[in-house]
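One structure is given below, encoded as structure tokens.
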Amino acid sequence: MLTSVVENYPGFPEGVQGSELMARFLAQAKKFGVRFIDDDATGIDLNSRPFKVAVGPDTYLANSVILASGASAKWLGIPSEKKFIGKGVSTCVTCDAPLYKGKSVVVVGGGDTAMEDSLFLTKFASSVTIMHRRDAFRASKIMQDRVMSNGKIKVVWNSVIDEVVGTTRVTGVKVKNVKTNAVSDLRTDGVFVAIGYTPNTAFLQGKLQLDDQGYIVTRDEVRTGIDGVFVAGDVADKVYRQAITAAGSGAKAALAARAYIQNLKYEKG
């Protein structure tokens, strides 16, 4: 929903707006009679049968549940950042990198994701500046070596973005040195925030097995430790995080849920 142009989803050779792609998904599902409740799940009871899902004051019962609440990108938390989301500020390099062919970009972060994103961007951008708040990366040595040996990449240490600058699109950033507090201007066409993701699993705490980062622990890709509870997409995937991989796991989860319910009806007679 926050991606300007999606160019890596099958069937859209010219690309498609992220919001339009989601609207098409919605319309297609509605065509088959799916009922939508446009609200967030606030709680869930997986100990009783049928399962109970709380949405505000309402409770919905289900013989099977597919958890597909996704993961939210971590943002910098500065007001000017929100203004330019989809207009030069992004968290999805694979989605938006082609938009910056021949342009300069900034990547914020110091882990493997920031290194991978920076290297990928060099295939399109004319220059990539990595901005890190510390004086050393926490990424693996091999990733650091690849970054430091790439002539298109330069690093700004001990620094953070104080403000994103522009009118209708990003034209630059104000850079603050965390040691001296000095602020300088840096011209750039885009800012990629690569400081990690948070899976949307707060409502599942204590209800289902989560790993130390909060991602749902799965068996056989889409199955959880509770029969009848399945998983799809980025709420369990911390590696690929692509629309196409989420769609694929969604299909697997749907087929698994259907088989589970069919067997349940057979067992009940």
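The values are calculated or read from the model by the stated rules, or taken from the named source; none is laboratory data. This one's a predicted model, so the numbers in the text were calculated from it and none came from an experiment. Quick reminder, even Gly has a Cβ in these numbers, built from the backbone with ideal geometry, and neighbours come from all protein chains shown.
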Within segment 247-260, considering residues that are among the small types (Gly, Ala, Ser) and surrounded by fewer than 18 Cβ atoms within 10 Å (Cβ to Cβ), the one farthest from Cys92 (Cα to Cα): Ala259
Subset of segment 217-237 [part of a loop (DSSP other than H, G, I, E, B), within 16 Å of Asn200 (Cβ to Cβ) and touching a strand residue (DSSP E or B) at 6+ places or on another chain (Cβ under 7 Å)]: Val217, Thr218, Thr224, Ala232, Ala236
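Mind checking whether some residue in segment 98-108 is part of a strand (DSSP E or B), outside the structural domain of Tyr240 (by TED's automatic domain parsing), without any contact (Cβ under 8 Å) to a residue 60 or more places away in the chain and not basic (Lys, Arg)? Write out each step before concluding.
Of all residues in segment 98-108, those part of a strand (DSSP E or B) come to 104-108.
Filter once more, keeping what is outside the structural domain of Tyr240 (by TED's automatic domain parsing): 104-108.
If we keep only those that are without any contact (Cβ under 8 Å) to a residue 60 or more places away in the chain as well, we get none.
Checking segment 98-108: not a single residue is part of a strand (DSSP E or B), outside the structural domain of Tyr240 (by TED's automatic domain parsing), without any contact (Cβ under 8 Å) to a residue 60 or more places away in the chain and not basic (Lys, Arg).
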Matching option when the condition is in a strand (DSSP E or B) and surrounded by fewer than 16 Cβ atoms within 10 Å (Cβ to Cβ), among Lys154, Lys176: Lys154
Count - residues of segment 125-151 that are among the hydrophobic types (A, V, I, L, M, F, W, C), more than 21 Å from the chain's Cα centre (by Cα) and not in a helix (DSSP H, G or I): 4
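Could you check, for segment 239-258, whether at least one of its residues is more than 26 Å from Val6 (Cβ to Cβ) and not small (Gly, Ala, Ser)? Spell out how you get there, then give the answer.
So in segment 239-258, the residues more than 26 Å from Val6 (Cβ to Cβ) come out as 256-258.
If we keep only those that are not small (Gly, Ala, Ser) too, we end up with 258.
Yes, that holds for at least one residue.
Going by what's in this entry, would Tyr266 be described as at pLDDT below 95, over 26 Å from Thr94 (Cα atoms) and in a helix (DSSP H, G or I)?
So Tyr266 fits the description; yes.
Can Arg24 be described as farther than 30 Å from Thr188 by Cβ and over 22 Å from the mean Cα position of the chain (by Cα)?
On the way: farther than 30 Å from Thr188 by Cβ: yes; over 22 Å from the mean Cα position of the chain (by Cα): no.
Answer is no for this residue.
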